[in-house]
1. When both residues are 6+ apart or on different chains and their Cβ atoms are under 8 Å apart, which pairs have a first residue that lies in region 269-295 and is in a helix (DSSP H, G or I) and at pLDDT 95 or above, and a second that is surrounded by 19 or more Cβ atoms within 10 Å (Cβ to Cβ) and among the polar types (S, T, N, Q)?
2. In the set 8, 49, which member is surrounded by fewer than 13 Cβ atoms within 10 Å (Cβ to Cβ), basic (Lys, Arg), more than 23 Å from residue 165 (Cβ to Cβ) and out of contact with any Lys or Arg (no Cβ under 9 Å at 6 or more places or on another chain)?
3. Tell me, which residue of region 342-392 that is small (Gly, Ala, Ser) and within 21 Å of the chain's Cα centre (by Cα) is nearest to residue 310 (Cα to Cα)?
4. Which numbered condition trips up residue 261, out of (1) in the same structural domain as residue 200 (by TED's automatic domain parsing); (2) assigned to a helix (DSSP H, G or I); (3) not aliphatic (A, V, I, L, M)?
5. Condition check: closer than 25 Å to residue 4 by Cα and outside the structural domain of residue 311 (by TED's automatic domain parsing). Does residue 137 satisfy that?
6. Residue 271 is checked against (1) of a type in the set (Lys, Arg); (2) touching a helix residue (DSSP H, G or I) at 6+ places or on another chain (Cβ under 6 Å); (3) farther than 20 Å from residue 31 by Cβ and fails just one. What number does that condition carry?
7. Show the residue pairs meeting these rules: Cβ distance below 7 Å; 6+ apart or different chains; first residue within region 324-343 and modelled with pLDDT of 95 or more; second residue of a type in the set (D, E, K, R).
8. Residue 217 passes all but one of (1) in the same structural domain as residue 96 (by TED's automatic domain parsing); (2) part of a loop (DSSP other than H, G, I, E, B); (3) surrounded by fewer than 15 Cβ atoms within 10 Å (Cβ to Cβ); which number fails?
Amino acid sequence: MIPILDLKQEYLELKSEIDAAVERVLSSGGFVGGPEVAALESELAAYLKVPHVVTCGSGTDALFIALRAMGIGPGDEVITTPFTFIATLEAILHAGARPVLVDIDPQHYNLNPARLEAALTPRTRAILPVHLYGQVAPMQEILAFAQRHGLQVLEDAAQAIGARYCASGCQHLGEQAQQGSVPIGDRLSVGRPCNCPQPLAGTLGDAGAFSLYPTKNLGAYGDGGFIATQSESIAEESRLLAAHGSRVRYHHVRAAGYTSRLDALQAAILRVKLPYLETWNARRRQIAQMYHQGLRDRVQVPCEMPYALHIYHQYTVRHPERDRLAAYLKNQGIGSSVHYPVPAHLQPAYRDLAPEGALPAAEAAAREVLSLPMHPFLQEAQVEAVIQAVRSYA
């Protein structure tokens, strides 16, 4: 069997380091907060090149707490995508706001910025783009639209830690900026040469929300998440909300705070893994290239946009007989998964957001997408076996 993901192999590769980290925490007697969590927040901030990282209990919590910290609440509308894990919409609703859905671009599956204008109302307060499958959404257009209309931007970067923006387009953007055709602000740096360190997903908007769920490119051994931001006020408010509205124990300055904490064991494990993230993401890109070469004449392979460095949280192809292909692969001992089979507005709980047929690109993608095995410990023979199996069907 070739599984879509192999977390056991990841652990075996790092066993001595992870076991030592776990032993360190168990011996310390400190299991919630403390120096491991503080060190992880500092290391994540350094990696992302942001001044503030606030860890919390899950990626869903990161979205919800960030929205509240940004002042989003009852009566507000937040524009987002229908083609995402439902947590994106749940967070908006938990904040008291209403999700407004905009269709995706059929090439890259992320929010289509050309559709933003039609979704704008006097109640629109924010845009919540999702960097789906590990590829950054078209942030230049999204940020420019937000700037024109005075909106905040929260990035759902749950699947995109390490993904970069302007990977091959920095110089082009810089030339446009000099001609005045690209808004220059503190959210998006332009005009830098293409060999520069490109900004990372989750650092372009007012804040970014990340998941540390075990299946992610950087995953804990349980739930976890964090918020990254350049804003001291968003970071401070996020910390308050995540800790019962309290700066000092038993003294509360917010009436509706939460318990949303990353425990020390998870922080210690993540600190072991973080230095490997770039190598793992590079390996994912190598595997993706093998898939590209072997499959592009049989299925629709992922499209890498010129402004983005895709880190392939998922390698997701399209095929008109997706379900039959998935069943065939299963019979061949190859795992696959559908991300996602039902767009948000066709879920029973969210049918008031848009009628069937209103978001055709998302609906078509939901019928056809299929994620193939993808993790940094796949062997070339396994990749070739997947390729041959897909080719023998398609």
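The values are calculated or read from the model by the stated rules, or taken from the named source; none is laboratory data. As the structure is a prediction and not an experimental result, all values here were calculated from the model. Virtual Cβ from ideal backbone geometry, glycine too; neighbours counted across all protein chains shown.
1. Close Cβ pairs satisfying both conditions: 277/217; 280/217; 281/217; 284/217.
2. 8
3. It comes out as 371.
4. So residue 261 meets the others, but not (2).
5. Answer is yes for this residue.
6. (3)
7. 343/363
8. Here residue 217 clears every test but (3).
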